């Protein structure tokens, strides 16, 4: 038998013909089926025959499907079809519950956060108030708050927004001059804030830094301002000191510097500062520390006078040079100060106290020790680097005689106080209106000169004034005035350079004289510097460690008193009240700030 050859399916079955379909009903009658078969030419209703050999079952789709017709009516109501309608109220309720829960959680979370923030703010405020220096006037209310919520201990201080003014000394007054020529007069209620080297020179044996630690630092250099070791017992922070000074109307601070430390950029002793409570204070080197202190004072618009106080750790000076620090090195230190600080960033630096207490110097003799020449030379170097600053000139020291109530009385100029030579030589710098006379004057706590007493005998063996008798108020005032007039009082005028008391000092509240001679002399000094023709002065010192040798005149020892009490945490109220008399000075104000325009974004 031959096998059929492969063919296309259509060829296998022949031509595809469209069949005639028959449609049957469910449970149809057999006779109907027969009729249907006959009607279709013998093809059944559920198959299609193609050709003679094959048949195909019809699709269900092609077959008739009849709908069920109930024999009895069905009872139906509209509510039987409300299932979908009744679902959405439940979903809405669920949605509202979820939203309400989320809202409640958010609300209580916010409440908890706000409560914690309020508690943290309250704790920060309490900590700040506890750290404030007590006494004097209250807080200003414009405190710096760091990004971590801590009050009064910023991580950094705001950048300067003021021009660097041109500071002038003329007509017996001080002026701050804006770039547009606007002049603002000001006087100084100032204080000296000593570092270790400036105040002690080995006279203080030890300093308690904490309950557990006592460091013996005698005869060593620390290159850091004192008082910044805040702990549970004593010490404070730079921020609190600046706030205290501002609250009590001090508008200038005199900062003692060491020439060799400037040149070497020495590193401050980190053990003498609480870094956590002075976060913005840099101690990497001498100049960085100085810049950060200037920034603290700048925030309160407090001026700074840089005092060339000492030459080296072993030489307090007496001249502006010595074997270890020759004159040219001293001038290089001046260069470094101007190069670093003559900028709007440090606009509150007023100038330089050219040399502190040059008691070994001469005046007007043309010798290498002639401070008339030395002061001009130092000022020329300063003005070459910073023509905006002023130069403070102190006097020398020598023996003098004055006549009081018909009696000739001898005395010695206080170190830094003898400016008698200016009568003959005058004092001019390379730039006009830059000279400020800044003599020193002290009470007998520093040294009990016989001019302050009715009588007494100086005992060379014991180094004290024996058998002294105190003067009445009128006599003491006459003698004190005679000393001042001889030393520098003649320079007070309304036409020449300004004069201010570069330093005045002595025991005040602790004065052991029965008639308070030291206190009375200080009261007279304060009264003098508040008079017309004076531009104020600097009290020595902020530091409670400020040491005096005589209390009273026949008792030698170490007697310390400053504007702050021993713990640095409270004011010396008696002394502060006395200095409050300077508040009546005309034109006592915060150091004038001339605002710089804000820089546009992206500008340099």
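Here, each number is a calculation from the coordinates, and none is a lab measurement. Every value quoted in this text rests on a predicted model; they were computed, and no experiment measured them. We place every Cβ from the backbone using ideal geometry, glycine too, and count neighbours over all the protein chains shown.
Sorted from fewest to most neighbouring beta carbons within 10 Å, what does the list 511, 473, 370 look like?
The most exposed by this proxy come first: 473, 370, 511.
Which of the peptides 100-111, 286-297, 169-180, 534-545 is most tightly packed, and how do the rest follow, going by the mean number of other Cβ atoms within 10 Å of each residue?
The most tightly packed comes first, giving 534-545, 286-297, 169-180, 100-111.
Please list the equivalent ellipsoid semi-axes of region 270-350, computed as the square roots of five times the alpha-carbon gyration tensor eigenvalues, in descending order and whole angstrom.
The three semi-axes for region 270-350 are 25, 17, 11 Å.
Taking 7 Å along the Cα-to-C-beta vector as the label spot, tell me the residue 466-residue 170 distance in nanometres, rounded to one decimal.
5.8
Among 399-405, 480-486, 572-578, how do they line up from the highest to the lowest mean number of other beta-carbon atoms within 10 Å?
480-486, 572-578, 399-405
Hey, can you rank 499-506, 339-346 by average C-beta count inside 10 Å, highest first?
Highest mean packing first, the order is 499-506, 339-346.
Please order 128, 371 by the number of other Cβ within 10 Å, starting at the fewest.
So the residues, fewest neighbours to most, are 128, 371.
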